[in-house]
Amino acid sequence: MTDTCTSLTVHGLHGRLAGPFNLAVESGECVALSGPSGVGKSLLLRMIADLEPARGRVELDGTDRDRMPAPVFRRQVTYVAADAGWWADIVAEHMAYPDRARALLPQLGLADALFEAPVATLSTGQRQRLALVRAISQEPRFLLLDEPTSALDPEATARVEVLLARLREQGTGLLVVTHDAAQAARIATRRLRMTPGGLEDETP
């Protein structure tokens, strides 16, 4: 993680079905994003991560995303889908930083044995937490999280929220899509609601 103040800014970002959006997330901040299903919340995260075609600008510390190699940007600004993809048979094969990843397992209530488990044997909740482990172990500056606790029970959800708070303290910026208003109230420093016309500030 980094203690250096950084910013992720979005200027007029829009795709064929959503936008334009303007947004800034600072290091150590958690912005919760809510809104009705189908309005484009997941699409916004994917456009920021350069995983969907879009017009407009995304900047990291004032540097245009298009001036960076895509893998470099995505390592610093990492997107985690609600149902993340898995491309190899064993969990460990997905971890670029296995020592860091293993150290995160107990924080999310995951047994060390899962590291060598076949992905096909995992529950939906285990896959969701392991996708977080995979992303966090890369030590990104910003995390774009799409419903990160949607498949989790209350105890596992609480563990994720504690870990996200710790990441914030260490300087990671978070943009989190959640339909859970109570969760947004617990974790967010700022709350936005997406409408067909853009983003509205709902911070109390």
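Yes or no: residue 152 of a type outside the set (D, E, K, R), over 17 Å from the mean Cα position of the chain (by Cα) and either modelled with pLDDT of 95 or more or open to solvent by less than 20 Å² (accessible area, probe 1.4 Å) (or both)? Answer is no for this residue. One residue stands out in the range 1-55 among those that are under 15 Å from residue 171 (Cβ atoms) and of a type in the set (S, T, N, Q): the one that is surrounded by the most Cβ atoms within 10 Å (Cβ to Cβ), namely 27. Residues in the range 112-127 that are part of a loop (DSSP other than H, G, I, E, B) and out of contact with any strand residue (DSSP E or B) (no Cβ under 8 Å at 6 or more places or on another chain): 122, 123.
Residues that are without any contact (Cβ under 8 Å) to a residue 24 or more places away in the chain, of a type outside the set (A, V, I, L, M) and open to solvent by 10 Å² or more (accessible area, probe 1.4 Å): does the range 127-147 have at least one? The answer is no; no qualifying residue exists.
Taking the condition at pLDDT 95 or above, touching a Phe, Trp or Tyr at 6+ places or on another chain (Cβ under 9 Å) and either under 22 Å from residue 167 (Cβ atoms) or open to solvent by 70 Å² or more (accessible area, probe 1.4 Å) (or both), does residue 59 pass? It is false that residue 59 is at pLDDT 95 or above, touching a Phe, Trp or Tyr at 6+ places or on another chain (Cβ under 9 Å) and either under 22 Å from residue 167 (Cβ atoms) or open to solvent by 70 Å² or more (accessible area, probe 1.4 Å) (or both). Which one of these does residue 43 not meet: (1) closer than 21 Å to residue 164 by Cβ; (2) within 15 Å of the chain's Cα centre (by Cα)? Checking residue 43 against (1) closer than 21 Å to residue 164 by Cβ; (2) within 15 Å of the chain's Cα centre (by Cα), the one that fails is (1).
Within the bounds of the range 82-104, is there any residue that is outside any helix (DSSP H, G or I), closer than 17 Å to residue 167 by Cβ and touching a residue at least 12 places away in the same chain (Cβ under 8 Å)? There is at least one residue in the range 82-104 that is outside any helix (DSSP H, G or I), closer than 17 Å to residue 167 by Cβ and touching a residue at least 12 places away in the same chain (Cβ under 8 Å). It is to be established whether one or more residues within the range 81-88 are open to solvent by less than 60 Å² (accessible area, probe 1.4 Å), in contact with a Pro (Cβ under 9 Å, 6 or more places away or on another chain) and aromatic (Phe, Trp, Tyr). Scanning the range 81-88, I find no residue that is open to solvent by less than 60 Å² (accessible area, probe 1.4 Å), in contact with a Pro (Cβ under 9 Å, 6 or more places away or on another chain) and aromatic (Phe, Trp, Tyr), so the answer is no.
The set of residues from the range 155-204 being modelled with pLDDT under 95, among the hydroxyl-bearing types (Ser, Thr, Tyr) and open to solvent by 40 Å² or more (accessible area, probe 1.4 Å) comprises just one member, 203. In the set (1) open to solvent by 60 Å² or more (accessible area, probe 1.4 Å); (2) over 18 Å from residue 161 (Cα atoms); (3) not β-branched (Val, Ile, Thr), residue 70 fails one condition alone, (1).
The values are calculated or read from the model by the stated rules, or taken from the named source; none is laboratory data. What you are looking at is a predicted structure, and each value in this text was computed from that prediction instead of being measured. Counting neighbours? That spans all protein chains shown, and the Cβs are built from the backbone with ideal geometry, glycine included. Heavy atoms of the whole protein, side chains included, go into the accessibility calculation; ligands, DNA and RNA do not. Shrake-Rupley method; radii C 1.70, N 1.55, O 1.52, S 1.80 Å.
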